[in-house]
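The values are calculated or read from the model by the stated rules, or taken from the named source; none is laboratory data. Owing to the predicted nature of the structure, the values given are computational and were not obtained by experimental measurement. With ideal geometry, Cβ positions are generated from the backbone for all residues, glycine too; neighbour counts draw on all protein chains shown. Heavy atoms of the whole protein, side chains included, go into the accessibility calculation; ligands, DNA and RNA do not. Shrake-Rupley method; radii C 1.70, N 1.55, O 1.52, S 1.80 Å.
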Amino acid sequence: MQEAIIEFKDFSFKYNALAQPTLNNINLKIYPKEKVLIVGTSGCGKSTLVNCINGLIPFTYKGEISGTLTIKGKKTIDQSIVELSSSIGTVLQDTDCQFISMTVLEDIAFALENQCVKQKEMIDRVNRVSQIVSMNDYLHHAPSELSGGQKQRVAIAGVMVDDVDVMLFDEPLANLDPATGKTAIKLIDDIQKKTEATVIIVEHRLEDVLYKSVDRIVLMDEGRIVFDGNSDDLLSLNLLSKHGIREPLYLSALRYANVEINKEKKPSHLDTLELTVSDKQKVKNWFNKIVFEKNKSSTESILTIKNISFSYNKKKIVLNDISLDIKKGELVALVGKNGAGKTTLAKILCGFEKQSSGQLYYKSESMDDLSIKERADKIGYVMQNPNKMISKVMIFDEVALGLQTRGYSPEEIKVKVEEVLKVCGLYQYRNWPISALSYGQRKRVTIASILVLDPEVLILDEPTAGQDFKHYSDIMEFLLSLHNRGLTIIMITHDMHLMLEYGQRCIVLCDGNIIADDTSANVLSNDEITEKAALKRTSLYDLAELCDLKDGQNFVDYFIQYDRKVRYDG
């Protein structure tokens with residue numbers, strides 16, 4: 001029988017700063033050439049499990065260990081982190097944290113330089129891996145000049161160049177647009193086949209990862225493994241929702257239509273899903289119960305954008321004569337591929353950048369002469385990268401900072417900060433240092449620091465990136481409750497389900513131009529728009545086609561309404 005390359009035996013780990021173990025009695029074997037997906041909610045222990053494999057535990061993060069972990073037959077506690085890194089390569093969720101050199105070439109070659117590899121061999125190996133990840137034409141570019149997808153390719157190349165046996169991917173889809181994310185999953189699949197390395201993927205977006213098959217899925221909850229098996233077995237059970245993970249949307253729709261899901265129907269992929277005539281009729285019958293609820297629309301403008309253009313240099317126009325009218329109380333999804341101009345537009349609204357031409361109005365009054373602070377009293381902005389917003393050491397102090405500068409009393413600050421921390425799932429960490437948090441938890445800290453100020457317009461750049469389904473739902477339901485009281489919300493997002501479920505209106509940017517302004521369902525049912533803007537057609541629409549339903553857009557809308565009623569209204 002084949003020997004495991006990674007083996008946990010009765011393994012437990014407790015951080016020194018915590019009272020309870022984060023990992024409890026883990027027994028897990030991962031074999032050479034396997035592709036394994038690890039899923040679970042934030043705090044379930046999956047990142048800790050990965051850090052045990054790559055050596056960050058115990059060499060960087062200290063704590064108590066019981067049981068054993070072996071890599072290639074040797075206990076990790078008997079190896080140095082240098083030895084482990086020669087076998088285990090990690091691609092971080094935030095790729096910016098992984099770059100240390102001035103050019104792509106230097107960054108890919110960094111590990112080889114440390115090993116004193118001869119220059120000719122080094123150049124040959126860099127060229128080989130850069131061709132595999134299609135970055136050979138960018139070797140002399142700075143990492144800062146690359147898109148999110150390109151940065152990830154460079155990070156993967158930096159790991160591959162060392163010929164590692166195991167490649168760990170921590171939330172590889174978190175900061176990528178849907179089309180780039182799909183490409184990333186294909187790239188990981190291709191690399192695994194070419195290198196025959198063992199691949200471990202940690203990711204919340206289960207449906208997107210399953211675009212390409214995995215050998216096994218490990219489901220974790222509260223520091224324990226609750227499932228370890230193939231994807232068809234897992235998806236035929238009701239374990240995902242029970243443990244806080246969103247199942248593929250097409251499966252949720254089938255369950256609502258009372259279609260039995262079993263492993264024989266091959267539910268892991270819509271392309272292989274086997275539905276009977278009776279199954280399809282059940283979906284049609286469910287859809288025919290449709291009762292649409294129309295969104296109430298406001299007529300009062302709160303943000304008006306007229307003929308805005310912008311470029312960072314004269315060579316490339318980032319925004320080209322953009323005009324928009326955002327109504328008071330709207331919940332708008334702003335979508336498009338990486339580099340389309342979404343974040344730039346948000347920065348212009350907040351005053352971080354100045355438009356080359358055009359005018360901005362807030363409630364019909366010009367914003368051109370307002371300072372950044374004056375705009376911040378009206379428009380709150382949560383940046384995509386939480387590390388660019390955080391300035392305090394402790395969580396409570398970070399969330400309280402805006403209130404302190406505005407003169408709130410300590411008593412008022414305590415009440416408001418604790419309330420928003422509870423909603424964002426951070427109350428139990430309120431006295432923790434921010435450095436002890438995961439990337440997703442830091443994201444929630446930055447959202448909390450803006451929400452606590454009660455802005456009239458809230459712009460969120462990827463509000464749910466790196467969030468598990470539970471915290472995603474908690475944050476979005478809180479935002480929805482604010483929206484229902486009149487808050488105007490603009491979400492910049494790559495999450496197609498978020499725009500479907502919460503976006504009353506969807507604005508699509510492509511190469512600095514608005515190419516669509518419609519409902520989310522109509523946008524994601526339009527192949528021309530999704531292809532241009534690097535979006536991904538929802539699997540609900542594909543299910544409608546599979547069941548011979550002619551009205552795919554309404555089917556998508558109906559599912560979203562029905563799903564919300566089931567989850568929130570019982």
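Numerical summary
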| quantity | calculated |
| --- | --- |
| Residue ID - least open to solvent (accessible area, probe 1.4 Å), chosen from residues in segment 427-438 that are assigned to a helix (DSSP H, G or I) and among the small types (Gly, Ala, Ser) | 436 |
| Cβ-Cβ under 8 Å pairs, at least 6 apart or on other chains, segment 390-406 side free of Cβ contacts under 8 Å to residues at least 12 places away in the same chain, far side of a type in the set (A, V, I, L, M) | 391/401; 404/413 |
| Residues being of a type outside the set (Phe, Trp, Tyr) and either open to solvent by 60 Å² or more (accessible area, probe 1.4 Å) or under 30 Å from residue 310 (Cα atoms) (or both) - total across segment 554-570 | 5 |
| Filter result (more than 15 Å from residue 152 (Cα to Cα) and open to solvent by 30 Å² or more (accessible area, probe 1.4 Å)) within segment 123-132 | 123, 124, 125, 127, 128 |
| Hits in segment 34-60 - residues which are under 14 Å from residue 71 (Cα atoms) and either in contact with a strand residue (DSSP E or B) (Cβ under 6 Å, 6 or more places away or on another chain) or open to solvent by less than 10 Å² (accessible area, probe 1.4 Å) (or both) | 49, 50, 52, 53, 54, 55, 57 |
| Selected residue (only one of 393, 399, 382 is crowded, with 22+ Cβ neighbours inside 10 Å and farther than 25 Å from residue 494 by Cα) | 399 |
| Pairs where the first residue, in segment 369-387, is without any contact (Cβ under 8 Å) to a residue 40 or more places away in the chain and the second is outside any helix (DSSP H, G or I) and surrounded by fewer than 20 Cβ atoms within 10 Å (Cβ to Cβ), C-beta under 7 Å, 6+ apart | 370/351; 371/351; 372/351; 372/352; 375/351 |
| Yes/no for residue 264 being closer than 30 Å to residue 41 by Cβ and either among the aliphatic types (A, V, I, L, M) or surrounded by 13 or more Cβ atoms within 10 Å (Cβ to Cβ) (or both) | no |
| Candidate set: segment 78-102, residues that are hydroxyl-bearing (Ser, Thr, Tyr) and surrounded by fewer than 17 Cβ atoms within 10 Å (Cβ to Cβ); chosen: the one farthest from residue 160 (Cα to Cα) | 80 |
| Some residue of segment 107-115 being part of a loop (DSSP other than H, G, I, E, B), of a type in the set (A, V, I, L, M, F, W, C) and open to solvent by less than 40 Å² (accessible area, probe 1.4 Å) | no |
| Selection within segment 91-106 - part of a helix (DSSP H, G or I) and not aliphatic (A, V, I, L, M) | 95, 96, 97, 98, 106 |
| Close pairs (9 angstrom Cβ cut-off, 6 or more residues apart or separate chains): at negative phi and open to solvent by 10 Å² or more (accessible area, probe 1.4 Å) in segment 496-520, hydroxyl-bearing (Ser, Thr, Tyr) and modelled with pLDDT of 90 or more anywhere | 514/323 |
| Index of the failed condition, residue 317 passing every other in (1) among the β-branched types (Val, Ile, Thr); (2) open to solvent by less than 60 Å² (accessible area, probe 1.4 Å); (3) in contact with a strand residue (DSSP E or B) (Cβ under 9 Å, 6 or more places away or on another chain); (4) farther than 18 Å from residue 517 by Cβ | (2) |
| Leading residue by the ranking (most open to solvent (accessible area, probe 1.4 Å)) among those in segment 231-252 that are assigned to a loop (DSSP other than H, G, I, E, B) and farther than 19 Å from residue 474 by Cβ | 238 |
| Candidate set: segment 360-376, residues that are surrounded by 14 or more Cβ atoms within 10 Å (Cβ to Cβ) and out of contact with any helix residue (DSSP H, G or I) (no Cβ under 6 Å at 6 or more places or on another chain); chosen: the one nearest to residue 96 (Cα to Cα) | 376 |
| Count of segment 116-148 residues which are under 22 Å from residue 188 (Cα atoms) and either at pLDDT 85 or above or part of a helix (DSSP H, G or I) (or both) | 16 |
| Residue check for residue 458: more than 20 Å from residue 380 (Cβ to Cβ) and buried (at least 22 other Cβ atoms within 10 Å of the Cβ) | no |
| Qualifying residue in segment 439-451 (condition: among the small types (Gly, Ala, Ser), open to solvent by 10 Å² or more (accessible area, probe 1.4 Å) and at pLDDT below 90) | no |
| From the options 133, 117, 82, residue that is touching a helix residue (DSSP H, G or I) at 6+ places or on another chain (Cβ under 8 Å), aliphatic (A, V, I, L, M) and under 20 Å from residue 197 (Cα atoms) | 133 |
| Strands (runs of 3 or more DSSP E) lying entirely in segment 288-365 (those with 2 or more residues that are among the polar types (S, T, N, Q), modelled with pLDDT of 90 or more and in contact with a Phe, Trp or Tyr (Cβ under 9 Å, 6 or more places away or on another chain)) | 301-310 |
| Test: residue in segment 198-221 that is at pLDDT 90 or above, more than 18 Å from residue 268 (Cβ to Cβ) and surrounded by fewer than 20 Cβ atoms within 10 Å (Cβ to Cβ) | no |
| Test result for residue 275, open to solvent by less than 10 Å² (accessible area, probe 1.4 Å) and either among the aliphatic types (A, V, I, L, M) or free of Cβ contacts under 8 Å to residues at least 12 places away in the same chain (or both) | no |
| Pairs with Cβ under 7 Å, 6+ apart, first in segment 473-490 and open to solvent by 30 Å² or more (accessible area, probe 1.4 Å), second hydrophobic (A, V, I, L, M, F, W, C) and outside any strand (DSSP E or B) | 474/423; 478/423 |
| Qualifying position, being farther than 27 Å from residue 332 by Cβ and either at pLDDT below 90 or part of a loop (DSSP other than H, G, I, E, B) (or both), among 466, 407 | 407 |
